Amino acid sequence: MLEALEELLEHIDYGIFVIAVSPHPHSQLHFLSINSSCAEVFNFSGHVTGLEPAKVLPLDCAQRLVDNCNRAIESKHKVDYEEIFKFPHSCNATNVIAIHLSPVLDAGGNVQKIIGSVNDLSHSRLGKINRDIFSCLVTGDTDAVIVVDREGVVRFVNPAAEVLFDRSAQELEGEQFGLPIVSGEQTEVDILRPNGQSTPAELRISHTQGEDEIVYIIASLRDISVRKLGEESLRLRDRALAASVNGIIIVDAKQPDNPIIYINPSFERITGYKASEVIGSNCRFLQGGDRSQEGLSTIREAVKQGKSCYTVLRNYRKDGTLFWVELWVSPVHNEMGELTNFIGIQNDITSRVLNEIERQESEEVLRTVLSAVKEGITFSDERGKFLIFNQEMENLTGYSMAEANSCPNFISLIHPEEQGAAIAQIQKLRQFHSPVESEVKIQTKAGVIRNVLVCSSMVSYKGKTMYLSAYRDITERKEAEEKLRQTAERDRLISAIALRIRNSIDLTNILQNTVAEVREFLQTDRVLIYQFQDEGEGKIVVESVLNQCLGTLGREINDDCFSKDYLLAYPQGRVTIIDDTDDPELDLCHAEFLKRFEVRANLVVPITCTDRVWGLLIAHQCTDTRVWKEEEITLLTGLAEQVAIGIRQAELLQKVQTLNTDLEQQVEERTAKLSLALSREKELGEMKSRFVSMASHEFRTPLAIIQASSDLLKHYNHKLTEDKRIEKLDKIQLEVRNMTELLEDVLVIGKIEMGKMHLNRVSLDLEKFCLESIAEFKSSLTSSDRITFRVENRQGTEPSELLADPKLLRQIMINLLSNGIKYSLNSPKEVTVNLYYDTESFDLEFIDQGIGIPPDEQDKIFESFHRAENVGNIPGTGLGLAITKVSVELHKGKIRVDSQVNIGTKITITIPYQ
């Protein structure tokens, strides 16, 4: 399996290398393996296995390789980069190389190896052969060089070839080569000379392309007669040494414990023991304490039965080192047939065992390489049996290698419509022995059809013809191409349908359909519509062209010759017909103008709308001259009239749409104004109704008290004591004051509604101001009601200066204190006021134990005249909180409500100092 994988890597068309990562804090790196393609890209000429990158690469390239390997080690992910590699013995030769690094992790998750792939992006092949230069190069070569064309005819030989074949160049050139020609092969052949003798030679085949575009085969032959004689001599020497290279041991089977009676020098060399040290001992000393080997049981059973056996043992040399041996044990009988001895022949296979261990590790590395390759790779014989079927191929097809090999004909996976083409490609590969590439559809195990690009090559492996194939999934690319094709086809169909629309009032469609229909009917190169603008200037607005390079769409035309000589004639219905722009009778200015647009023949008709020329309908022949036919002129003239009708319709529609848009906009604006006025009037009506209702309710009680008190004073003054008269007068003054406050609240709401509320900020001592306001409010309370005032400084420093409107701030406090007392349930009634100083603002909390505010009405209590449903007969106007909210917001503050029914309410205001 390893040989197949190594053979595979040697045929991959890009370089592969393996770098070992040592378990070192700095992750020392050295090359573990490298294929020939990689050596060629890096221009390696010697053995690099075991060497660090800096010892085989230019220092800057080696440093970049080490840096990117360290990136892959740290991230444990793949790393790609490009390297510009300059050949060390050339001043100008450089290669651009793409390098892909894939880390391989061990069981502990550490990077053990790095698999690298390199691809020469600047590689190019020499395409021509120069006979003179080639001849000069190979004339002095000691190897025979023969150039053979594709038909096998000799076209060139060098002097060494004349000597090898014992024939002149004139005799050899023009004859059939007569030796196997397989590009890239190296083999041994026998050269038959004219005297009948044969000479062994080593044959190498390559190919190139000559300056006559013919592929030539270059055969290089080297006389190996002397080497063959040397090899035969070596074989004779090997046979002579075969008798002594194996360790030989003889034991006495007639004595107890089978003591050793003979060992040869190779046994001493292999084990390190001298004959004098082991004669008379049993062989078990060679295994030391390692006595549980399966091979020892095999030997004991064979000795017991007096039979031969073969086994492999782990033995230990005199110095304690481990080595492996192949051991053949055979019984020796005397002439009487009695078992007298056992002879053992052991072969030290330590290197082979170690190589096998290394081979298994290398096989694992190569498998890792194949798993890192981004393409499906297969390696199969002529019967279709796969030796290689990598993981990417399994991912692509859904089949494992075992399943693929169980398939009687793997080509059946290819789509039935393309199987014939695939078989033809294989036949082409067998016939010409050069790589073939084709795109085919395959059906995966799951039944999914996928498009793949297959590149196949024939290689020779162990004397058999094998097929190396790479499969690249191009399904996404094909799907993208098909999608583009479908999009283009869809656009074409849409255009075809649009061409048949006659009654469209869309001006763009009218013009585009016209030019496309005219060009298709006339089979001409270009048809366009030119629209006039100011002062004879204009531009091309639509066109239809046979070739996109003829496109002129959007180009503005400002040509004096065109304007003064031709523009004035078109309103009279002039049609311009030019069959050949090289006609000498054609005005030179006009001809040069047309040639700027690559026009060879020209047909122009005006598009006239009412009393003006809107534009021109123009047909151009660009590839050749053309004689315009009468029916073509009639057709173009009739279409121009239809286009004019369409233009008038489109312009009329545009005017109607503009008028409709203007009218709709005016209606919307007036409707919005009317809706706003109605809404405002409705609000004012509702406010008026609420005010009348409130005023009639709130004024009735104080007026009744004033009326009653004044009547008593008027009619019974002489009967009242002085204290009673003062009491009645106080009641009158109190009710007058309440009515005055009510009127002030109404006036404030009026200012708020008209947006005439303004701040008059002054510097205030807030704590003193609060105490004065509370004292003023207490004067109207009974002796049992209480107001508690607390102050807390949260910022820890002297509070900032407060700039506020004292009138509004006093109204805020009085309104909130009044509500707290008015809506309290307990007696005596109590309101707590907390003042908190913060860094940039202060908080005032008003806490009562009153009736509370229902949750669904807490967002409405700041509306004018709104009162909660649970206030019952408690008097009030519904204006206090509305005024309070506006006053707080004028100070750029906020107000918050936290209330529970029948428990109490906390109202917090936050106002900044400035």
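The values are calculated or read from the model by the stated rules, or taken from the named source; none is laboratory data. Computed from a predicted model, the values in this text were never measured in an experiment. We place every Cβ from the backbone using ideal geometry, glycine too, and count neighbours over all the protein chains shown. Just the protein is used for accessible areas: all its heavy atoms, side chains included, with ligands, DNA and RNA removed. Shrake-Rupley method; radii C 1.70, N 1.55, O 1.52, S 1.80 Å.
Going by Cα centres, the range 828-884 and the range 608-625 are how many Å apart?
Computed from Cα coordinates, the inter-centre distance equals 82 Å.
Can you tell which of T465, N390, I423 lies farthest toward the positive end of the dipole of the range 373-475, using +1 and -1 charges on the Cβ of basic and acidic side chains (Lys, Arg; Asp, Glu)?
The one lying farthest along the dipole's positive direction is T465.
List the residues whose amide H sits under 5 Å from the amide H of R555, counting only those 5 or more places along or on another chain, with H placed 1.01 Å from N in the peptide plane.
I540
Points 7 angstrom from Cα along the Cβ direction at A20 and N547: gap in nanometres?
For the pair A20/N547, the computed spacing is 6.5 nm.
Taking the simple approach of a point 7 Å from Cα along Cα-to-Cβ for both I874 and Q293, what is their distance in nm?
It works out to 10.7 nm between the two label points.
Quick one: pull the percent of accessible area on the range 748-899 belonging to carbon and sulfur, 1.4 Å probe, ligands and nucleic acids left out.
Whole-percent figure for carbon plus sulfur exposure: 47.
Below 8 Å, C-alpha to C-alpha, sequence gap of six or more: please give me the relative contact order for the range 373-442 in percent.
Numbers: 63 pairs, mean separation 15.2, N = 70.
Relative contact order comes out at 22 percent.
Under a 1.4 Å probe, what is the accessible area of the range 249-364 per residue, stated in Å²?
Value returned for the range 249-364: 58 Å² of accessible area per residue.
Once phi is turned into θ = phi - 60°, what whole-Hz ³J(HN,Hα) does the Karplus curve with 6.51, -1.76 and 1.60 give for every residue of the range 835-845, x standing for Gly and Pro?
Rounded to whole hertz, the list is 10, 10, 8, 10, 5, 10, 8, 10, 10, 10, 10.
Mind giving me the FRET efficiency for K860 and K906? R0 is 22 Å, r the Cβ-Cβ distance, nearest 0.05 is fine.
With R0 = 22 Å, the Cβ-Cβ based efficiency is 0.75.
Skip the ligands, DNA and RNA, and give the accessible area per residue of the range 606-677 with a 1.4 Å probe, whole Å².
Solvent-accessible surface per residue comes out at 64 Å².
How much length would be gained if the chain were fully extended between W328 and L652, taking 0.36 nm per residue of separation minus their Cα-Cα distance, in nm to one decimal?
Residue separation times 0.36 nm, minus the Cα-Cα distance, leaves 105.4 nm.
What number, in percent, do you get for the relative contact order of the range 244-354 if the mean sequence gap of Cα pairs under 8 Å and at least 6 apart is divided by its residue count?
RCO, the range 244-354: 27 percent.
In the range 778-914, what % of DSSP beta bridges are antiparallel (nearest 5)? Walk me through the numbers before you get to the answer.
Values: 22 of 30 bridges.
Restricted to the range 778-914, the bridges split so that about 75 percent are antiparallel.
Only sites in a loop by DSSP and with at most 14 other Cβ atoms within 10 Å count here; which chymotrypsin sites (Phe, Trp or Tyr not before Pro) in the range 759-859 make the cut?
Details: sites: F769, F777, F789, Y823, Y836, Y837, F842, F846; in loops: Y823.
Of the chymotrypsin sites (Phe, Trp or Tyr not before Pro), not one in the loops of the range 759-859 has a Cβ with at most 14 other Cβ atoms within 10 Å.
Please work out how much length the chain gains when fully extended from R317 to N355, using 0.36 nm per residue of separation minus the C-alpha to C-alpha distance, in nm with one decimal.
Separation in residues times 0.36 nm, less the Cα-Cα distance, equals 11.7 nm.
S710 versus K428, label points 7 Å from Cα toward the beta carbon: distance in nm?
Inter-label distance under the simple model: 12.2 nm.
Using a 1.4 Å probe, how large is the accessible area of H433, given in Å² and rounded to the nearest 10?
100 Å²
Computed FRET efficiency, Cβ-Cβ of D898 and D723, R0 45 Å: what is it to the nearest 0.05? Intermediate results must be reported in sequence, preceding the final value.
Details: r = 45 Å, r/R0 = 1.00.
Here the calculated transfer efficiency is 0.50.
Take D106, D166, D856 and sort them by solvent-accessible surface of the protein heavy atoms, 1.4 Å probe, largest at the top.
Largest accessible area first, the list is D856, D166, D106.
Leaving ligands, DNA and RNA out of it, report the carbon-plus-sulfur percent of the accessible area of the range 373-475 at a 1.4 Å probe.
49 percent
Output ³J(HN,Hα) for the range 766-775: one whole-Hz value per residue in order, computed from phi by the Karplus curve 6.51 cos²θ - 1.76 cosθ + 1.60 with θ = phi - 60°, and x for Gly and Pro.
With coefficients 6.51, -1.76 and 1.60, one gets 4, 4, 5, 4, 5, 5, 5, 5, 5, 4 Hz.
Would you check the accessible area of I645, probe 1.4 Å, heavy atoms only, in square angstrom rounded to 10?
70 Å²
What is the range 758-912's relative contact order, in percent, from Cα pairs under 8 angstrom and six or more apart in sequence?
24 percent
Quick one: net charge of S412's neighbours, Cβ under 14 Å, K/R +1, D/E -1?
Charge balance in the 14 Å sphere: -1.
Probe of 1.4 angstrom, ligands and nucleic acids ignored: what's the accessible area per residue over the range 783-881, in square angstrom?
It amounts to 48 Å² per residue over the range 783-881.
FRET efficiency for I633 and N509, Cβ-Cβ distance as r, R0 = 22 Å, nearest 0.05?
0.30
Between rounded, prolate and oblate, where does the range 761-868 land on the alpha carbon gyration tensor, with a ≥ b ≥ c its root eigenvalues, rounded for a/c under 1.5, else prolate if a/b exceeds b/c?
Judged from the Cα gyration tensor, the range 761-868 comes out prolate (a/c at least 1.5, a/b above b/c).
Per-residue accessible area for M336 at 1.4 Å probe radius, Å² rounded to 10?
We get 150 Å² for M336.
Carbon and sulfur atoms: what percent of the 1.4 Å accessible area of the range 244-354 do they account for?
54 percent
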